[in-house]
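Presented below is the structure to which this report refers.
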Amino acid sequence: MNAKQKNKSGKMDFALAKTEIVGVAHNSGALVSGVAAAEAFEVAPAGRRPADLLPNASSVLVIGGAQPRAGDWQSPNYQHMEVTTTSDRIQGLALKLARIVEDHYGYYAVCVPPGVDQGQQAFMSISMAADLAGCGSTSLAGPVLHSEYGFMYYGAVITTMPLPADGPLETPACPAPECVEMYAAEGTTPCTNVCPIGSGGCLGGRVEAGRIVERQYDRARCTTRVQNYWVPGFQKVLGETLREKDAEKQKMKLYSSMFSRTLWSMTYSNVSQGQCAECMRVCPVGLAHRTKR
Ligand code: SF4
Ligand code: SF4
């Protein structure tokens, strides 16, 4: 890494430093990377902005990757995804980059935690960071999508280092051309069709002139389908088990498939894994990338 040495005026070459850091990220498995200016997060709620986690924050470095394998989308036993993990790899890589920023370049760096703060709120929206850094764009279904790779996991590092910022994508990945056509013909898209908010599902919205102009999302209903196991599942079973007066029934609940899978999910899938994702399964964005023989 030469950013400090190459600077003739005695100042750090931040563009070169950025190239070096994202080079490490891509060599370590990141599919995409980008930088958002900390000031771009003024659209985030107060208390959920970069400087709320790191005083004098200047930049947010975002990396994406650690996708489920293409084969995972083909498996008829979707439960296998509930007791494994891929998303922690991107968090591990974010930690590595934070350490490089601090140890090599001498600036503060904080990884945005993937867990939640008070009120079940994210410490800072990693999805917003990915969108602002141009690593993808938010979709009608919810996740940030990359036009070539589709769905992936993201990690974000807040730093006081003034890295040159990238902007949001000019052309969003969602809606895909196929979805625009489908909406014109049927008034729905693959994701809103598979999980329609008006018929017991979670998603709705409107497409106009090839852009999403309105989005409806039933978060509470989706959560019950996405986090059956993992932390919410653990809390639910634990409460039921503590209330159970019958010792035999209590034992059955503790050793049930539900509770066992919940514990596997929490210990081996240490960041929440989607346990539904039917909206992503039908999404055409990234389909070519996840189509194999
Ligand atoms: S994850 Fe499942 S429940 Fe949630 S919006 Fe997608 S299809 Fe609907
Ligand atoms: S299926 Fe995918 S690309 Fe199409 S509208 Fe839904 S999220 Fe967007």
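The values are calculated or read from the model by the stated rules, or taken from the named source; none is laboratory data. Note that the coordinates shown come from a computational prediction; the quantities given were computed from them, not determined experimentally. Neighbour counts run over all protein chains shown; Cβ positions are idealised from the backbone, glycine included. Protein only, heavy atoms only, side chains kept; ligands, DNA and RNA dropped before computing areas. Shrake-Rupley method; radii C 1.70, N 1.55, O 1.52, S 1.80 Å.
Checking the condition over 25 Å from Ser87 (Cα atoms) and crowded, with 22+ Cβ neighbours inside 10 Å, which residue from Ala40, Ala17 passes?
Ala17
Just checking, does the range 235-257 include any residue being closer than 30 Å to Val144 by Cβ and away from ligand 1 (no atom under 15 Å from the Cβ)?
Scanning the range 235-257, I find at least one residue that is closer than 30 Å to Val144 by Cβ and away from ligand 1 (no atom under 15 Å from the Cβ), so the answer is yes.
Kindly list the number of the only condition in (1) in a helix (DSSP H, G or I); (2) in contact with a His (Cβ under 7 Å, 6 or more places away or on another chain); (3) hydrophobic (A, V, I, L, M, F, W, C) that fails for Ile90.
In the conditions (1) in a helix (DSSP H, G or I); (2) in contact with a His (Cβ under 7 Å, 6 or more places away or on another chain); (3) hydrophobic (A, V, I, L, M, F, W, C), Ile90 misses (2) alone.
Please enumerate the residues belonging to the range 170-207 that are out of contact with any His (no Cβ under 7 Å at 6 or more places or on another chain), part of a loop (DSSP other than H, G, I, E, B) and open to solvent by less than 70 Å² (accessible area, probe 1.4 Å).
Pro172, Cys174, Pro175, Ala176, Gly187, Thr188, Thr189, Cys195, Gly200, Gly201, Cys202
Collect the residues in the range 226-245 that are open to solvent by 70 Å² or more (accessible area, probe 1.4 Å) and farther than 20 Å from Thr267 by Cα, keeping them in residue-number order.
Across the range 226-245, the qualifying residues are Glu240, Leu242, Arg243, Lys245.
Mind checking which residues of the range 94-137 are of a type in the set (Val, Ile, Thr), at pLDDT 95 or above and outside any helix (DSSP H, G or I)?
Correct list: Val110, Val112.
Which of the numbered conditions does Tyr153 fail, given that it passes all the others? Conditions: (1) more than 16 Å from ligand 2 (Cβ to nearest atom); (2) at pLDDT 95 or above; (3) crowded, with 24+ Cβ neighbours inside 10 Å.
With respect to (1) more than 16 Å from ligand 2 (Cβ to nearest atom); (2) at pLDDT 95 or above; (3) crowded, with 24+ Cβ neighbours inside 10 Å, Tyr153 is out only on (2).
If you take just the helices (runs of 4 or more DSSP H) that sit entirely in the range 209-293, which of them hold at least 3 residues that are touching a residue at least 40 places away in the same chain (Cβ under 8 Å) and within 16 Å of ligand 2 (Cβ to nearest atom)?
278-281
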